[in-house]
Amino acid sequence: MFGKSTHFFVLFIFVSLTPSCSPLYSKLGGDVQGPPEALQNQLTPLAKKLIKTAYADIDASRLMDFHTHILGLGNSSSGIWVNPAMQTPANPMRYFRFRVFKNASGIYQDDKADQDYISRLLQLIEHLPEKGRFMILGFDKRYRPDGKEDLERTEFYIPNEYISSMVKKNPQIFISMISIHPFRKDAIKKLEEWNKKGVRFIKWLPNAMGIDPSDPRLDTFYSKVKELNMAILVHVGGEGAVHTGEFEKLGNPLLLRRPLDQGVKIIMAHCASLGNNLDLDTPSNGKVDNFELFMRMMGEKRYEGFLFGEISGLTQNNRFDGPLQTLLAKKEWHPRLVNGSDYPLPALNAVIQTNALVNAGLISEDERQALNLVYGYNPLLFDFVLKRTVRHPTTGARFSPSIFMIPKALSN
């Protein structure tokens with residue numbers, strides 16, 4: 001009889017040899033039931049009602065998604081680079097995860113990955129009732145403190161130039177969010193160059209990029225960000241989509257006190273809704289939930305106008321229980337919250353568990369069925385309508401419409 005290790009080995013060999021478009025990856029990844037244009041003919045009366053209600057009190061001219069990833073494999077002139085360690089069965093978990101992500105993103109052929117990703121994203125957006133605008137994210141390489149590239153520990157690289165080219169091709173849909181590692185020797189120059197082109201937002205994932213936001217060496221960078229009236233969207237909390245290893249601690253929300261204290265606008269992605277970290281304010285407390293640390297900072301009056309939370313991922317199965325209910329109830333914080341899809345995450349079927357939301361009293365069973373129908377054809381629409389549908393199980397409080405529109409504090 002096979003032991004557990006043998007079972008794992010056999011499963012791994014099977015998975016490794018399975019094409020990314022196979023039913024196995026499709027079930028974990030996109031689980032697509034049909035193209036987005038086919039959804040209209042499939043909608044039930046309740047599904048139509050949920051969609052109509054979701055957009056009813058939204059100013060379409062201000063509708064904004066703050067967190068949309070652009071991926072690919074660099075098969076075109078995009079300049080995209082993906083760490084080979086993510087593309088070999090020698091690293092089974094990273095390899096498997098990456099293949100699931102490719103499936104969720106609509107990438108079925110590696111030699112057309114760049115084009116297929118953009119094509120799928122634009123197709124989903126085209127069939128939204130109101131398109132709004134999508135901030136598409138660059139993702140810089142990892143750099144050492146001496147300014148040299150660290151490709152070995154770079155998960156992937158999405159050039160700002162590629163992001164800019166996509167915006168130029170789709171100016172009514174996309175907005176550039178660049179990524180600049182502060183250890184780059186030309187970091188300040190790059191900030192100035194992109195700001196002159198109208199870019200106002202920067203993306204960091206400290207856990208993966210090796211950035212300690214509390215490092216005093218970043219003060220010059222922060223000073224320039226403030227001077228240019230830019231804002232940084234920073235991943236906070238645990239990271240589950242890319243490999244971070246020993247650098248998970250860099251997702252500690254408290255590390256961002258330094259830029260906030262200098263007057264830099266910070267948007268905390270996911271509202272730190274995953275994992276825990278050392279309470280740097282009171283180390284004797286040991287490790288505390290990252291979300292608790294986020295709430296502590298949101299509650300400090302000195303950060304009003306500077307600290308914002310971004311709600312992507314909050315309805316996912318690995319994040320929702322606790323943070324979602326709390327933020328639904330915190331009406332006083334809603335003007336400081338913004339929406340992001342974190343696409344392609346909404347297309348990752350493995351983290352979407354609407355049954356759990358029913359069990360938690362956040363949606364009804366009928367709503368679950370209607371939302372699942374939408375998901376099968378357009379996960380971007382599903383993500384938006386779900387966030388507009390969920391309600392506090394006790395009070396019935398919902399997310400305010402302001403969350404889904406760009407706030408004045410971030411548009412000036």
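What the table below lists for this structure:
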{"item": "Test: A370 is buried (at least 18 other Cβ atoms within 10 Å of the Cβ), out of contact with any strand residue (DSSP E or B) (no Cβ under 8 Å at 6 or more places or on another chain) and more than 30 Å from F201 (Cβ to Cβ)", "result": "yes"}
{"item": "Pick from region 97-120, criterion crowded, with 19+ Cβ neighbours inside 10 Å and of a type in the set (F, W, Y), ranking: farthest from G376 (Cα to Cα)", "result": "F98"}
{"item": "Among the candidates D114, D110, residue that is charged (D, E, K, R) and modelled with pLDDT under 95", "result": "D110"}
{"item": "Scan of region 213-225 for residues that are surrounded by fewer than 20 Cβ atoms within 10 Å (Cβ to Cβ) and not in a helix (DSSP H, G or I), ordered by number", "result": "S214, D215"}
{"item": "Residue ranges of helices (runs of 4 or more DSSP H) in region 156-212 with at least 2 members in contact (Cβ under 8 Å) with a residue 60 or more places away in the chain and either over 18 Å from N229 (Cβ atoms) or in contact with a strand residue (DSSP E or B) (Cβ under 8 Å, 6 or more places away or on another chain) (or both)", "result": "160-169, 206-209"}
{"item": "Single unsatisfied condition, T68 versus (1) surrounded by fewer than 22 Cβ atoms within 10 Å (Cβ to Cβ); (2) among the hydroxyl-bearing types (S, T, Y); (3) touching a Gly at 6+ places or on another chain (Cβ under 9 Å)", "result": "(1)"}
{"item": "Odd one out for D57, checked against (1) surrounded by fewer than 22 Cβ atoms within 10 Å (Cβ to Cβ); (2) farther than 30 Å from G309 by Cβ", "result": "(2)"}
{"item": "When residues of region 286-307 are limited to those that are of a type in the set (D, E) and touching a residue at least 12 places away in the same chain (Cβ under 8 Å), the one nearest to L274 (Cα to Cα)", "result": "D289"}
{"item": "Answer from F66, F96, F134 - the residue that is under 27 Å from G210 (Cβ atoms), in a strand (DSSP E or B), under 21 Å from the mean Cα position of the chain (by Cα) and aromatic (F, W, Y)", "result": "F66"}
{"item": "Residue list for region 327-376, restricted to those being in contact (Cβ under 8 Å) with a residue 40 or more places away in the chain and basic (K, R)", "result": "K331, R336"}
{"item": "Residue in region 153-167 that is at positive phi, surrounded by 16 or more Cβ atoms within 10 Å (Cβ to Cβ) and at pLDDT 95 or above present", "result": "no"}
{"item": "Number of the exception - L274 against (1) under 27 Å from K331 (Cβ atoms); (2) over 15 Å from the mean Cα position of the chain (by Cα)", "result": "(2)"}
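The values are calculated or read from the model by the stated rules, or taken from the named source; none is laboratory data. Computed from a predicted structure; not experimentally measured. Quick reminder, even Gly has a Cβ in these numbers, built from the backbone with ideal geometry, and neighbours come from all protein chains shown.
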